[in-house]
1. Near the amide H of MET370, under 5 Å away, which other amide H atoms are found, from residues 5 or more places off or on another chain, if H is placed in the peptide plane?
2. Give me, ordered by chain and number, the residues 5 or more places off LEU423 or on other chains with an amide H under 5 Å from its own placed amide H.
3. Using 24 Å as the Cα-Cα cut-off, could you pick out the over-long pairs in LYS369/LYS399; LYS318/LYS399; LYS369/LYS405; LYS265/LYS471?
4. Whole-Hz ³J(HN,Hα) for each residue in region 361-370, computed from phi via Karplus 6.51 cos²θ - 1.76 cosθ + 1.60 with θ = phi - 60°, x for glycine and proline: what do you get?
5. Show which lysines lie in cross-link reach of LYS146 when reach means a straight Cα distance below 25 angstrom and same-chain residues fewer than eight apart are skipped.
Amino acid sequence: MHRSMTLKQRITLGLAAFLLALAAQIFLSFYQSGTVLRELDDQMGRFNAISRFQDGVERSLTALSDYRWEYGDADELLMELDAAFSTTNAWLWRIDGDLSMVSEEQYLLYNAVCTTYKSYTALVKQLEEAVRAGDDAGAAQLYYNKVSPCGSYLGQYTQQLLNTAISDAQGTYTEVSALSSRVKWAQTVVAVVCLVLGCVMAWSVLRLLGPVQQMIGASQEIIAGGYDTPDVPVPREHNEIGQLTDAFNRMKHSMAQQMNTLREKNEMERELHQQKTAALELQNRMERSRMQQLRSQIDPHFLFNTLNVILQTAGQEKAYRTQALITALSHLLRYSLMSNDEQVPLAREVRIVDEYYSIYHVRFGDRVKMRWRISDSIDLTETMVPSFILQPIVENAFKHGIAPKEEGGAVRIRITPLREQGLLRISVCDNGLGIEPEQLAQLQAGLAAPGDRWEHIGVYNVAARLRLLDKRCRFEVRSHPGRGTAVSLYLPLVELEEEDFDE
């Protein structure tokens with residue numbers, strides 16, 4: 001007579017099938033992840049190596065193009081070239097040039113890059129020897145006749161290699177995507193099998209609802225967080241219910257272990273957040289240090305000694321107007337180069353702008369005018385602002401707005417406290433040429449994004465300092481071609497009490 005399968009046998013058979021399907025699901029997941037990620041990692045590593053090598057080549061070309069052959073700093077040029085070639089040498093060998101791993105086009109371009117790079121390094125070594133020997137004319141001729149064209153070819157080959165690698169990667173990505181779709185279809189089938197097996201097992205477990213009331217009560221305690229409650233007693237007869245009870249107890253211990261693991265993970269994430277915060281603080285300090293370096297790149301002692309000699313010569317020659325100009329220039333440079341104070345009285349900023357205008361007015365005469373509109377409710381001597389925050393904006397208005405205009409113009413400076421908002425607004429307006437919409441968009445984008453600039457350095461420096469000063473600070477630029485430009489600075493309103501100022 002045929003014997004029906006016991007509950008234990010059915011559960012065991014269903015569990016085995018379920019585990020088999022689960023193992024198939026895990027295998028498919030690992031296979032998909034391993035194939036896709038490995039291929040993507042290889043492609044990204046190839047892109048990164050080519051890009052880093054290209055950056056090194058561009059760095060050496062930039063150093064050579066920026067070098068002044070008659071009076072440049074040869075040691076600085078050689079150090080920059082050594083750093084650039086350290087980068088290119090470190091990344092060139094990491095570019096995969098094996099024909100079995102890359103396309104034929106990539107292989108040919110890689111060989112072209114290697115050959116051109118060998119020629120380029122040889123030419124640069126000849127140039128370095130000429131620079132060390134003091135033969136600036138020969139080095140310049142070698143650069144313009146050989147090094148620059150060779151570097152240009154090397155940059156073109158490198159860019160073509162990167163473009164080809166990206167193009168070839170698209171085909172690989174298509175194949176990987178198709179493979180991933182097939183794996184996902186297989187995973188769906190396995191998931192359906194797992195679901196069916198789970199339903200069968202659930203139907204078997206439903207038959208045991210009566211004897212498992214103790215486990216239900218224990219589950220309620222676990223939901224409330226009581227993982228330390230005593231284990232559910234296992235029946236003396238070691239049947240299916242006994243196995244289920246034992247599995248329940250083990251599951252409770254596993255959950256308790258996972259909760260402990262989660263607590264440890266949260267603690268690690270908290271420590272990591274603190275480290276990131278400290279790293280951001282360090283970055284802010286480095287930015288402040290960089291701003292100080294931007295204002296102290298000239299030897300003040302040599303500069304002021306030179307100006308003093310010129311000042312005495314002007315006095316001996318009775319060139320009193322020139323003597324006054326040099327005095328104003330000395331005050332301006334002393335303020336910009338000698339002061340490291342982060343906050344100074346607003347009166348100093350106003351005075352230094354007046355000194356600058358006195359110099360500019362001598363050159364352009366009545367073509368340029370400057371007018372102040374300072375609120376009566378503000379005390380210039382007790383209102384603190386960042387040092388050297390106003391003069392670069394006024395200089396930019398004269399230089400780019402008024403000076404190119406044939407009939408000249410005027411710059412109006414307005415200082416107004418916004419006490420309800422805790423801000424100080426400084427507006428610098430001119431009726432000069434204005435800014436074209438495209439250039440204005442580029443300027444506003446540059447002001448919003450930090451980075452090194454090669455033009456409008458003073459304006460970008462002011463905007464960068466405002467970003468570091470306070471999140472409420474704003475730097476706004478409005479302009480209309482032919483009508484002029486308006487720049488508004490919003491700073492924290494810092495007004496010292498009389499006793500604080502005395503201290």
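1. VAL411
2. Answer set, sorted by chain and number: LEU418, LEU493.
3. LYS318/LYS399; LYS265/LYS471
4. Residue by residue, region 361-370 yields 5, 4, 6, 9, x, 6, 5, 10, 9, 9 Hz.
5. LYS118, LYS125
Bear in mind that the values in this text are calculations on the coordinates, not laboratory data. As the structure is a prediction and not an experimental result, all values here were calculated from the model.
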